[in-house]
Amino acid sequence: MPIRVVIADDQALVRAGFAALLGAQEDVEVVGEADTGEQALELARALVPDVVLMDIRMPVLDGLAATRAIAADPALAAVKVVVLTTFELDEYVFEAMRSGATGFLVKHTEPADLIKAVRVVADGDALLSPSVTKRLVAEFASHAKPAPAAQFSELTDREREVMTLIAEGLTNAEIAVRLSMSPATARTHVGRILLKLGARDRTQLVVMAYESGLVRPGWQ
């Protein structure tokens, strides 16, 4: 089945460019376009796509509010939101992640990176750029209110290790190498952590790891 994508951006040229690029891929289908956050939410509820590319600044309902609404709807639990921003260190990007977004992309990203991002997110992984997202998460999380330590009481020592590596931005394959385990075992640990913490995806685990103090900001 193709990856079903909704594109939400108030700039028609941006929507058209993304739609043309993604629509040309055999494994991707653009099923809807929206120019407001309200339309994006309506399309998400009506179509239940795999991925929503969500601009942050849109009229009627902004991308943050639309993302929160999608993340809060149990019927849309499988929908992954990737926020779009003009600037790499947009002040709203971290809030979008806390609201339930799986990751973010800058609008001037390379075409191949956009296609890869859609595939990565649809496959259940987080879209975490080692050079940008980590700095962003660390910067904002360092000012966040720590979560109760009991939040991680259900995690085993191994699961805490895995969560720390998730917070570093490592993929399942990289976690497997670091901890000398198979990728399947790493994926199982990640799944159990998501379930125990009630997190929507890996991006939320990164945010939780920093807000709780399990991992401290300090990436170079």
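In summary, the convex hull built on the alpha carbon positions of segment 1-124 has an orientation-averaged projected area of 6.5 nm². Note on Ser180/Gln25: beta-carbon distance plugged into 1/(1 + (r/R0)^6) with R0 of 41 Å gives a FRET efficiency of 0.70.
Considering segment 1-58 at the alpha-carbon level, its Rg and Dmax are found to be 10.5, 31 Å.
Placing a pseudo-label 7 Å from each Cα along the Cα-to-Cβ vector at Leu195 and Ala46 gives an inter-label distance of 3.6 nm. Note on Ala16 and Ala75: with the Förster distance fixed at 22 Å, the Cβ-Cβ geometry gives a FRET efficiency of about 0.15. The percentage of C-alpha pairs in segment 146-212 whose separation is greater than 21 Å is 14%. I need the calculated FRET efficiency for the pair Asp123 and Val60, taking r as the beta carbon distance and R₀ as 30 Å, to the nearest 0.05. Calculated value: 0.45.
Coordinate-derived values only; no laboratory data. Nothing here was measured: the structure is a model prediction, and the numbers come from that model. When we count neighbours, we look across all protein chains shown, and the Cβ atoms used for this are built from the backbone with ideal geometry, even at glycine.
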